[in-house]
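Reading through the C-alpha cells given below for one structure.
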Number of protein chains: 2
Amino acid sequence: MPIPHETMRSLTEENYLKAIYRISLNKKLKISPTAIADEMGVSAASVIDMIKKLSEKKLISYDKVKGAKLLERGQKEAVAIIRNHRLWEVFLLEKLNYSWDEIHDIAEQLEHVKHPELADRLDAFLGHPEYDPHGDPIPKSNGDIPTTVKTLLSEIEIGKSCRVVAVKDTSSVFLQYLVQLSVNIGTKIKVLDIVPFDNSMLLQIGKEIKTTVSKRFAESLLVD
Amino acid sequence: MPIPHETMRSLTEENYLKAIYRISLNKKLKISPTAIADEMGVSAASVIDMIKKLSEKKLISYDKVKGAKLLERGQKEAVAIIRNHRLWEVFLLEKLNYSWDEIHDIAEQLEHVKHPELADRLDAFLGHPEYDPHGDPIPKSNGDIPTTVKTLLSEIEIGKSCRVVAVKDTSSVFLQYLVQLSVNIGTKIKVLDIVPFDNSMLLQIGKEIKTTVSKRFAESLLVD
DNA sequence: ATACAAAATTAGACTTGTCTAATAAACTAA
DNA sequence: TTAGTTTATTAGACAAGTCTAATTTTGTAT
Ligand SMILES: [Mn+2]
Ligand SMILES: [Mn+2]
Ligand SMILES: [Mn+2]
Ligand SMILES: [Mn+2]
C-alpha cells in the first residue's frame, strides 16, 4: 500500500484545481459545490468529497457561505497547469500544424505530464510566447500572468474598429465558425451596424468579408 | 454510469499491453502471470484480473500452459504506444535538449496522450527518425518495425571492434555511467581483453578511454 | 412566518485497479 | 512416486472517484 505523498496530485485533483481557478476568474460567481459540479460535469456529491480532500491538503479553503477558494499552493499549482496547457497549445499549432480547433483537447492531456523542467524547456523551445493560440496569456514561470485590456466585441459601438485579441469560447464548433469567417487573432473588425431588435451585429471582417453575427457570437470574441 | 466503449483503453490497460509486448520480444520467456507481474511490478493476483479483462476484449489470448499472447489488435495497440514513446523521446532529446537519461520517464507519460494524428505529425516534425535516442527502432505508422542486427557486447571476441547501436537497459543509473565513459550510440568499442574469472571486459572506448567493465555491463550494451 | 424551491450534505453503492492470504495445480528432485 | 516448492487462481478487502437517492439546510416569496 503505497502511501500517497502529500504533494502527489492525481489527474482528477489537478482538474478540480483548474476548474476552481477558472470559476475564480469570474469574480461574480461564488465558487459553490454546484458551480464546480457544473464546470467539471460531475455530481455535487462528488464535488463535496473532493472539496474535503483538497481542503485537507490545504490546497483550497471551504466555507459553506464563502464557498471554495484556492489557497496559495492550490493557486500556484492551478496556474502551473494552465501554463503547461497553453504552451502545449502553441506547440501543437506552430510545430505540429494542428488547427485552432483541435489543439485544446490534446493540450488537456498534455498539461498533466509531469517533469520539473518541462514547461520551462518547452517555453524556451517555443521562443517564450506570450499568448496561446486563442489569445490567452501564458503564465510566466514564476506564476505571473500578463494582463491585457480585453473588451467583448458586443460592447463595441457602431462605426468603431477593433482587433481580435482572444476567443472566449474555445469550442471546436465556435472556432470552426471563426475559420469560416476568416476571423483569427489579430483580425481587424469594424462594427458597421447593430440590429436593435436582437443586438445582432453587422461586421466588416478584414477587407473582404461583410456579415451579420448574433449577439452570442459578439459575446464570445474579445477585442482590444 | 458511462458504459466504457469496447475500444477505450485505460492507462493501465495500455501499460499491460506494453509489458506483454516487451516480454514477447524475449522469445525464450513464456508470458506467464508471474512474468507479467515482474515486468509491471504488481502482484500475480492483479495480473490475473487484467488477463481476464484483456482476454474479454480480445486483445490477448490466454491459456495456462501457453501463457498470454497478444492478438492482432493488442499487438497493434502495443506497437502504436511504443511508437509514441520513442518519437517523444526523440523530441525531448533533440528539441528540448533533455539528456539521455531523463527522457524515458517523461516519454512514459507522453506515450499515452491520445489523438489520431499525433504520432504521424510528431514523426513528420522530427523528420521521420528511424531510431530513438537509445538506439531502438521507431515503428512505422503501419506498424512495421525496422529490424537491425544487434549483438550483445558480451559476445564480441577479444581483438574485435564494434559500434554501439543500442542500449538494452535504459535506466538512469546505467545511462549516466555510459555518459561518464563517453559511450553513446555510434561509439566505437574494441574488446582488448576478457577476464576469464568473471568475464569482465577490458575495452578501448573511442580513442581516449580504456577501461574494464563488468559482464553485466557488457550484457546491457548492444553493438553491431 | 410559512411554504416551496434550490443548494449542500450524507448514505450507500459501484467500478477500476490494487493488495494479502488462502487454496489449488503443476513442477521438481530424490 | 511422494514430499516440497513454485505457480496460478480465488476470496475478500481497500482506496479513489464516481453516482443516485435521501436528508438537511438555506433562501425566497408571499
Ligand atoms: Mn485550451
Ligand atoms: Mn485537464
Ligand atoms: Mn524509453
Ligand atoms: Mn506507460
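Within segment B:117-131, not a single residue is charged (D, E, K, R), within 15 Å of ligand 3 (Cβ to nearest atom) and closer than 20 Å to residue B:146 by Cβ. Under the condition of being open to solvent by 40 Å² or more (accessible area, probe 1.4 Å), in contact with a Lys or Arg (Cβ under 8 Å, 6 or more places away or on another chain) and part of a loop (DSSP other than H, G, I, E, B), the residues counted in segment B:166-205 number 2. Looking across segment A:95-150, the residues that are open to solvent by 50 Å² or more (accessible area, probe 1.4 Å), hydroxyl-bearing (Ser, Thr, Tyr) and farther than 13 Å from residue A:82 by Cα come down to A:147, A:148.
When the residues of segment A:74-94 are filtered to those that are under 22 Å from residue A:50 (Cβ atoms) and away from DNA strand D (no atom under 16 Å from the Cβ), the one that is most open to solvent (accessible area, probe 1.4 Å) is A:76. Screening the candidates B:75, B:109 for the property of being within 16 Å of ligand 2 (Cβ to nearest atom) and over 18 Å from residue B:125 (Cα atoms) yields one hit, B:109.
The values are calculated or read from the model by the stated rules, or taken from the named source; none is laboratory data. The shown structure was predicted, so the numbers you read here are calculated from the model rather than taken from an experiment. Virtual Cβ from ideal backbone geometry, glycine too; neighbours counted across all protein chains shown. For the accessible areas, the whole protein counts, side chains as well, though only heavy atoms, and no ligand, DNA or RNA atoms are used. Shrake-Rupley method; radii C 1.70, N 1.55, O 1.52, S 1.80 Å.
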